[in-house]
Amino acid sequence: MRPLIAAFAATVAIAMPVGAFAQSTETEVTAAQPTRFTVETIGEGPDVVMIPGLSSPREVWRPNAEKLAATHRVHLVQIRGFGDDAGANAEGPVLQPFVTELAEYLSAEEIVAPAIIGHSMGGLAAMMLGAQNPDLPGRIMIVDALPFIGVIFGVQDLETMTPRAEQMRAMMLAGPQAKKTDCSAVEETDGLPAGNMSNTHKGTCLVGNWSAAADKRVFAQAMYDDMVTDMRTDIAKITAPMTVVYGRDERGVPVAMMDAIYASNFAAAPETEFVPVDGSYHFVMLDQPEKMQTALEAFLAD
(Lines give C-alpha, C1' and ligand atoms only; values in the text may rest on other atoms or scores of the structure.)
Protein backbone atom coordinates (compact mmCIF):
# COMPACT_ATOMS: atom_id res chain seq x y z
CA MET A 1 0.00 0.00 0.00
CA ARG A 2 1.44 3.38 -0.90
CA PRO A 3 1.47 5.16 2.39
CA LEU A 4 0.59 8.53 2.23
CA ILE A 5 2.36 8.11 5.40
CA ALA A 6 4.94 5.57 4.97
CA ALA A 7 5.69 8.89 3.78
CA PHE A 8 5.98 9.81 7.36
CA ALA A 9 8.99 7.65 7.63
CA ALA A 10 10.64 9.53 4.85
CA THR A 11 8.65 12.64 4.98
CA VAL A 12 10.89 15.49 4.58
CA ALA A 13 11.84 18.60 2.84
CA ILE A 14 14.76 20.64 1.48
CA ALA A 15 15.58 24.06 0.41
CA MET A 16 13.99 24.79 -2.88
CA PRO A 17 15.26 28.10 -4.04
CA VAL A 18 14.11 30.47 -1.36
CA GLY A 19 12.40 33.30 -3.20
CA ALA A 20 13.06 36.67 -1.67
CA PHE A 21 9.89 38.29 -0.40
CA ALA A 22 9.70 41.92 0.56
CA GLN A 23 7.65 41.38 3.71
CA SER A 24 9.45 38.25 4.90
CA THR A 25 10.80 38.47 8.43
CA GLU A 26 11.98 36.08 11.10
CA THR A 27 9.48 36.36 13.92
CA GLU A 28 10.95 37.73 17.12
CA VAL A 29 8.89 35.87 19.70
CA THR A 30 8.93 37.88 22.89
CA ALA A 31 5.93 36.46 24.70
CA ALA A 32 5.83 32.69 24.08
CA GLN A 33 9.58 32.08 23.53
CA PRO A 34 9.12 28.71 21.82
CA THR A 35 12.12 26.42 21.97
CA ARG A 36 10.74 23.64 19.79
CA PHE A 37 10.29 25.57 16.56
CA THR A 38 11.00 28.80 14.73
CA VAL A 39 8.60 30.96 12.72
CA GLU A 40 8.98 33.17 9.68
CA THR A 41 6.11 35.50 8.79
CA ILE A 42 5.36 36.88 5.34
CA GLY A 43 2.50 39.01 4.04
CA GLU A 44 -0.37 40.83 5.70
CA GLY A 45 -3.96 39.86 6.34
CA PRO A 46 -5.81 37.00 8.06
CA ASP A 47 -3.46 34.59 9.80
CA VAL A 48 -2.40 31.29 8.24
CA VAL A 49 -0.06 28.85 10.01
CA MET A 50 1.73 26.33 7.76
CA ILE A 51 3.37 23.28 9.36
CA PRO A 52 5.74 21.00 7.41
CA GLY A 53 5.89 17.24 7.86
CA LEU A 54 8.43 14.86 9.31
CA SER A 55 11.99 16.10 8.63
CA SER A 56 10.69 18.80 6.28
CA PRO A 57 11.80 22.43 6.67
CA ARG A 58 9.50 25.35 5.94
CA GLU A 59 10.77 25.50 2.36
CA VAL A 60 8.35 22.72 1.42
CA TRP A 61 5.57 25.31 1.74
CA ARG A 62 7.51 28.27 0.33
CA PRO A 63 5.99 28.53 -3.18
CA ASN A 64 2.43 28.20 -1.86
CA ALA A 65 3.08 30.54 1.05
CA GLU A 66 4.48 33.32 -1.12
CA LYS A 67 1.32 33.30 -3.22
CA LEU A 68 -0.92 33.30 -0.14
CA ALA A 69 1.08 36.19 1.33
CA ALA A 70 -0.54 38.54 -1.20
CA THR A 71 -3.71 38.40 0.91
CA HIS A 72 -2.74 36.71 4.20
CA ARG A 73 -0.16 36.87 6.97
CA VAL A 74 1.54 33.49 6.70
CA HIS A 75 3.39 31.97 9.64
CA LEU A 76 5.90 29.46 8.23
CA VAL A 77 6.71 27.10 11.07
CA GLN A 78 9.81 24.92 11.21
CA ILE A 79 10.36 22.27 13.87
CA ARG A 80 13.87 22.53 15.26
CA GLY A 81 16.10 19.81 13.87
CA PHE A 82 14.43 19.90 10.46
CA GLY A 83 16.52 22.51 8.71
CA ASP A 84 18.29 24.04 11.68
CA ASP A 85 19.74 23.05 15.06
CA ALA A 86 17.83 20.60 17.25
CA GLY A 87 17.54 22.95 20.22
CA ALA A 88 15.19 21.58 22.88
CA ASN A 89 14.21 18.74 20.57
CA ALA A 90 17.60 17.09 21.09
CA GLU A 91 16.19 15.20 24.07
CA GLY A 92 12.88 13.58 24.88
CA PRO A 93 9.60 13.62 22.93
CA VAL A 94 9.20 16.02 20.02
CA LEU A 95 5.62 15.99 18.73
CA GLN A 96 3.54 16.77 21.82
CA PRO A 97 5.94 19.44 23.13
CA PHE A 98 5.81 21.08 19.70
CA VAL A 99 1.99 21.12 19.73
CA THR A 100 1.95 22.52 23.27
CA GLU A 101 4.37 25.34 22.37
CA LEU A 102 2.52 26.14 19.16
CA ALA A 103 -0.66 26.65 21.18
CA GLU A 104 1.25 28.88 23.59
CA TYR A 105 2.69 30.86 20.68
CA LEU A 106 -0.73 31.46 19.13
CA SER A 107 -2.19 32.58 22.46
CA ALA A 108 0.76 34.75 23.48
CA GLU A 109 0.94 36.49 20.10
CA GLU A 110 -2.85 36.97 20.14
CA ILE A 111 -3.27 35.23 16.79
CA VAL A 112 -7.05 34.83 16.71
CA ALA A 113 -8.75 31.96 14.85
CA PRO A 114 -5.90 31.27 12.41
CA ALA A 115 -6.16 28.78 9.58
CA ILE A 116 -3.88 25.87 10.50
CA ILE A 117 -2.42 23.92 7.57
CA GLY A 118 -0.25 20.86 8.17
CA HIS A 119 1.33 18.29 5.89
CA SER A 120 2.01 14.71 6.97
CA MET A 121 3.18 14.81 10.61
CA GLY A 122 2.31 18.50 10.48
CA GLY A 123 -1.25 17.43 9.71
CA LEU A 124 -1.24 15.15 12.74
CA ALA A 125 0.05 18.07 14.81
CA ALA A 126 -2.82 20.20 13.47
CA MET A 127 -5.31 17.56 14.61
CA MET A 128 -3.71 17.44 18.06
CA LEU A 129 -3.77 21.24 18.32
CA GLY A 130 -7.45 21.36 17.36
CA ALA A 131 -8.47 18.57 19.74
CA GLN A 132 -6.47 19.86 22.71
CA ASN A 133 -7.28 23.55 22.13
CA PRO A 134 -10.68 23.69 20.38
CA ASP A 135 -10.96 27.47 20.70
CA LEU A 136 -7.62 28.26 18.99
CA PRO A 137 -7.93 27.29 15.30
CA GLY A 138 -10.42 29.00 13.02
CA ARG A 139 -10.15 26.16 10.51
CA ILE A 140 -7.82 23.25 9.86
CA MET A 141 -6.42 21.76 6.66
CA ILE A 142 -4.71 18.37 6.86
CA VAL A 143 -2.59 17.41 3.85
CA ASP A 144 -1.98 13.70 3.26
CA ALA A 145 -2.09 12.60 6.88
CA LEU A 146 -4.20 10.10 8.81
CA PRO A 147 -5.20 10.25 12.48
CA PHE A 148 -3.24 7.01 13.10
CA ILE A 149 -0.34 5.88 10.95
CA GLY A 150 -0.73 2.31 12.18
CA VAL A 151 -3.44 1.51 9.66
CA ILE A 152 -0.87 1.92 6.89
CA PHE A 153 1.03 -0.98 8.43
CA GLY A 154 -2.10 -3.04 8.95
CA VAL A 155 -2.10 -2.26 12.68
CA GLN A 156 -5.22 -1.09 14.53
CA ASP A 157 -3.99 -0.56 18.10
CA LEU A 158 -1.16 1.13 19.95
CA GLU A 159 -0.24 -2.03 21.86
CA THR A 160 0.82 -3.63 18.61
CA MET A 161 2.23 -0.46 17.12
CA THR A 162 4.50 0.60 19.98
CA PRO A 163 7.16 -2.14 19.63
CA ARG A 164 7.27 -1.47 15.89
CA ALA A 165 7.79 2.21 16.60
CA GLU A 166 10.60 1.39 19.01
CA GLN A 167 12.24 -0.81 16.39
CA MET A 168 11.90 1.92 13.75
CA ARG A 169 13.48 4.50 16.06
CA ALA A 170 16.40 2.19 16.85
CA MET A 171 16.99 1.44 13.16
CA MET A 172 16.94 5.10 12.23
CA LEU A 173 19.40 6.00 14.98
CA ALA A 174 21.76 3.18 14.05
CA GLY A 175 21.65 3.79 10.32
CA PRO A 176 24.18 5.88 8.40
CA GLN A 177 23.58 9.54 7.68
CA ALA A 178 22.16 9.89 4.17
CA LYS A 179 24.02 12.00 1.64
CA LYS A 180 22.59 14.88 -0.36
CA THR A 181 22.18 14.82 -4.13
CA ASP A 182 22.45 17.65 -6.62
CA CYS A 183 18.77 17.96 -7.54
CA SER A 184 19.52 20.46 -10.31
CA ALA A 185 21.10 17.60 -12.25
CA VAL A 186 18.05 15.34 -11.90
CA GLU A 187 16.08 14.79 -15.09
CA GLU A 188 12.55 13.47 -15.43
CA THR A 189 12.15 10.14 -17.21
CA ASP A 190 9.18 7.99 -18.10
CA GLY A 191 9.93 5.63 -15.24
CA LEU A 192 8.54 6.34 -11.77
CA PRO A 193 11.10 7.22 -9.11
CA ALA A 194 11.60 4.80 -6.27
CA GLY A 195 9.44 5.17 -3.19
CA ASN A 196 6.13 6.86 -2.56
CA MET A 197 7.00 10.36 -1.46
CA SER A 198 6.77 12.05 -4.84
CA ASN A 199 5.91 10.74 -8.29
CA THR A 200 8.57 12.93 -9.91
CA HIS A 201 12.32 12.40 -9.84
CA LYS A 202 12.96 16.01 -8.84
CA GLY A 203 10.47 15.81 -5.99
CA THR A 204 11.96 12.55 -4.78
CA CYS A 205 15.41 14.13 -4.81
CA LEU A 206 14.24 17.13 -2.83
CA VAL A 207 12.55 14.95 -0.23
CA GLY A 208 15.66 12.79 0.10
CA ASN A 209 17.84 15.84 0.64
CA TRP A 210 15.52 17.18 3.30
CA SER A 211 15.75 13.85 5.11
CA ALA A 212 19.54 13.86 4.79
CA ALA A 213 19.73 17.36 6.27
CA ALA A 214 17.53 16.55 9.27
CA ASP A 215 19.01 15.93 12.70
CA LYS A 216 18.99 12.13 12.97
CA ARG A 217 17.94 12.05 16.63
CA VAL A 218 15.05 14.46 16.12
CA PHE A 219 14.00 12.58 12.97
CA ALA A 220 13.97 9.20 14.76
CA GLN A 221 12.17 10.49 17.86
CA ALA A 222 9.57 12.40 15.86
CA MET A 223 8.93 9.30 13.77
CA TYR A 224 8.39 7.31 16.96
CA ASP A 225 6.05 9.99 18.34
CA ASP A 226 4.07 9.95 15.12
CA MET A 227 3.73 6.18 15.11
CA VAL A 228 2.41 6.00 18.70
CA THR A 229 -0.12 8.82 18.35
CA ASP A 230 -3.71 7.76 17.68
CA MET A 231 -6.16 10.61 17.04
CA ARG A 232 -8.97 8.53 15.52
CA THR A 233 -11.24 9.10 18.51
CA ASP A 234 -9.94 12.49 19.64
CA ILE A 235 -10.65 14.21 16.32
CA ALA A 236 -14.26 14.29 17.52
CA LYS A 237 -13.14 17.03 19.96
CA ILE A 238 -12.14 19.33 17.09
CA THR A 239 -14.74 22.06 16.64
CA ALA A 240 -13.04 23.97 13.82
CA PRO A 241 -14.05 23.05 10.26
CA MET A 242 -11.65 20.46 8.84
CA THR A 243 -10.55 19.91 5.27
CA VAL A 244 -8.44 16.89 4.34
CA VAL A 245 -6.41 17.02 1.12
CA TYR A 246 -4.82 13.78 -0.02
CA GLY A 247 -2.96 12.52 -3.04
CA ARG A 248 -4.30 9.83 -5.34
CA ASP A 249 -2.40 7.99 -8.04
CA GLU A 250 -3.45 4.63 -9.45
CA ARG A 251 0.22 3.77 -9.92
CA GLY A 252 0.55 3.71 -6.13
CA VAL A 253 -2.74 2.73 -4.49
CA PRO A 254 -6.10 2.20 -6.23
CA VAL A 255 -8.22 5.33 -5.96
CA ALA A 256 -11.19 3.52 -4.39
CA MET A 257 -8.93 2.07 -1.70
CA MET A 258 -7.40 5.45 -0.92
CA ASP A 259 -10.84 7.06 -0.63
CA ALA A 260 -11.99 4.30 1.72
CA ILE A 261 -8.92 4.64 3.94
CA TYR A 262 -9.55 8.33 4.49
CA ALA A 263 -13.30 8.08 4.92
CA SER A 264 -13.05 5.33 7.53
CA ASN A 265 -10.23 6.87 9.54
CA PHE A 266 -11.94 10.25 9.84
CA ALA A 267 -15.29 8.68 10.76
CA ALA A 268 -15.27 10.36 14.18
CA ALA A 269 -15.35 13.76 12.43
CA PRO A 270 -18.22 13.27 9.94
CA GLU A 271 -18.30 16.91 8.82
CA THR A 272 -14.78 16.66 7.42
CA GLU A 273 -14.46 17.85 3.81
CA PHE A 274 -12.28 15.65 1.62
CA VAL A 275 -10.34 17.03 -1.34
CA PRO A 276 -8.56 14.28 -3.30
CA VAL A 277 -5.80 15.42 -5.66
CA ASP A 278 -5.24 13.10 -8.56
CA GLY A 279 -1.78 12.55 -9.96
CA SER A 280 -0.03 12.92 -6.61
CA TYR A 281 1.81 10.81 -4.08
CA HIS A 282 2.52 12.01 -0.55
CA PHE A 283 4.01 15.41 -1.33
CA VAL A 284 1.00 16.97 -2.99
CA MET A 285 2.61 20.41 -3.12
CA LEU A 286 5.52 18.99 -5.14
CA ASP A 287 3.59 16.66 -7.44
CA GLN A 288 0.63 18.93 -8.15
CA PRO A 289 1.57 22.49 -7.07
CA GLU A 290 -1.22 24.23 -8.98
CA LYS A 291 -3.90 21.89 -7.64
CA MET A 292 -2.49 22.33 -4.15
CA GLN A 293 -2.65 26.11 -4.52
CA THR A 294 -6.24 25.91 -5.76
CA ALA A 295 -7.18 23.79 -2.76
CA LEU A 296 -5.48 26.22 -0.36
CA GLU A 297 -7.22 29.25 -1.82
CA ALA A 298 -10.63 27.55 -1.78
CA PHE A 299 -10.05 26.51 1.85
CA LEU A 300 -9.16 30.06 2.89
CA ALA A 301 -12.00 31.62 0.89
CA ASP A 302 -14.76 29.68 2.68
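Quick notes on this structure:
- Prolate/oblate/rounded label for region 31-101 (Cα gyration tensor, a/c 1.5): prolate
- Global form of region 161-302, assessed from the alpha-carbon gyration tensor, a/c cut-off 1.5: oblate
- In range of the label at GLU250: residues from region 269-298 whose backbone nitrogen is under 14 Å from the point 7 Å along Cα→Cβ: 278-280
- Reducing region 110-163 and region 240-302 to their Cα centroids gives an inter-centroid distance of 14 Å.
- Cut-off 13 Å between beta-carbons: net charge of the residues surrounding GLU273, Lys and Arg +1, Asp and Glu -1: -1
- Between ALA170 and ASP157, the contour length at 0.36 nm per residue exceeds the alpha carbon distance by 2.6 nm.
- For GLY123, net neighbour charge (Lys/Arg +1, Asp/Glu -1) across residues whose Cβ lies under 12 Å away: -2
- Stokes-Einstein diffusion for region 87-161, with the hydrodynamic radius set to the Kirkwood value over Cα pairs and evaluated at 25 °C in a medium of 0.890 mPa s, equals 182 µm²/s.
- Nearby aspartates and glutamates by direct alpha-carbon distance to LYS237 (threshold 15 angstrom, same-chain neighbours under 8 apart not counted): ASP135, GLU271
- Qualifying GluC sites (Glu not before Pro) for region 63-104 [loop in DSSP, other Cβ within 10 Å: at most 15]: GLU91
- As a ratio to 2.2 N^0.38 Å, the alpha-carbon radius of gyration computed for region 49-173 takes the value 1.11.
- Hits among lysines - C-alpha to C-alpha of LYS202 under 27 Å, sequence gap 8 or more where chains match: LYS67, LYS179, LYS180, LYS216, LYS291
- Summarising the strand pairing of the chain, around 30 percent of its internal DSSP beta bridges are antiparallel.
- Spacing of the two label points (7 Å from each Cα toward its C-beta) at ASP135 and PHE274, in nm: 3.4
- Largest accessible area first, the listed residues LYS180, LYS291 line up as LYS180, LYS291 when surface is computed with a 1.4 Å probe on the assembled protein chains.
- Debye log10 I(q)/I(0) at q = 0.18, 0.19 Å⁻¹ for region 236-302, Cα point scatterers: -0.71, -0.79
The values are calculated or read from the model by the stated rules, or taken from the named source; none is laboratory data. This structure is a prediction, so every number in the text was calculated from the model and none was measured. Note that we place each Cβ from the backbone using ideal geometry, even for glycine, and neighbour counts take in every protein chain shown. For accessibility, only protein heavy atoms count, side chains too; no ligands or nucleic acids. Shrake-Rupley method; radii C 1.70, N 1.55, O 1.52, S 1.80 Å.
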